[in-house]
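Written below as structure tokens is the structure these notes are about.
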Amino acid sequence: MANSTSNGNKVKWYNKLKWKYRLVIMHDQTLEERLTFRLTRLNVFIAIGTISIILIFLTSMLIAFTSLREYIPGYTDVGLRKELYELQLKTDSIDKELVRKDLFIRNLKRIISGEELHDDRAMPEGTNMQYNDITISRSSEDSLLRAEVESQSQYSLFLTESSGQFAHRTQTLGNVLFFTPIKGMITNRFDPDQQHFGIDIVSKRDEAIKSVLDGTVIFSTWTVETGYVIGIQHPQAIVSVYKHNSALLKRVGDIIKAGEAIAIIGETGELSTGPHLHFELWNQGNPVDPTDYISF
């Protein structure tokens, strides 16, 4: 009797879910029927469950893709990652600029003291090159050459008392093949007496200026008098300087090939009287006339 009663109760509860009910909406005073719904318990449960799922989904989407999630504990500001990324880029740029400025100052000190320039830039990460095991022995010829060079007088820039001209203790540049920096007409020639240590060349507007030899950029900056100016250290203690440019294409520490574009002709600086290139060529710390070695 107990088992049959239990089975009957289960069937009765299951059947209750399918029982139909009528939901009537009536006017309170006239008792007029306005709306009528035929419902079952099962349909009501399904409708409520579906509506709950839709509401949960819409609420999740609203929080995930709008700024409302900032007010929920555990979520960060929406623009925080973007700001962190921009700060990281700025920090990296500042670090690179400090390295370039440091290289520029060291090379400038070496130029003033007459020392040989070196490429002090750090080796790339992951370099497997090892120099500790390299052994170099001096030959007798090398020792004789070193003694001969060290016995020579130091090259320097000075004024002779007799003529007032710059004395050039420089090695000959006749065997050096220079690349023409820019084609044009020379309007002002080399004149050390007037403190004009280069030549002025007028050329086409927006013409690219090329490096005369392979080398390393030792300064690339702006000055009030000469505008955008760039200087390159070449082998054999040769330095070339390019002034009054409208734009610079290279930075301090860049390795340059002969004929490679380094700047654009312009008229920047207070000493400029029109679009032109002021080009200087220095050898062993002394200015030389570029027209003696380069055809413009």
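Read the figures in this text as sums done on the coordinates, not as results from a lab. Computed from a predicted model, the values in this text were never measured in an experiment. Here the Cβ positions follow ideal geometry from the backbone for every residue, glycine too, while neighbour counts run over all protein chains shown.
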Under 27 Å from Lys101, Cα to Cα: lysines that are on another chain or at least 8 residues apart: Lys90, Lys109, Lys210, Lys243, Lys250, Lys257
Net charge of neighbours whose Cβ lies under 13 Å from the Cβ of Phe45, counting Lys and Arg as +1 and Asp and Glu as -1: +3
Which ³J(HN,Hα) values in Hz, rounded to whole numbers, follow from the phi angles of the stretch 98-109 under the Karplus curve 6.51 cos²θ - 1.76 cosθ + 1.60, where θ = phi - 60° and Gly and Pro get x? 5, 5, 5, 5, 5, 5, 4, 5, 5, 5, 5, 5
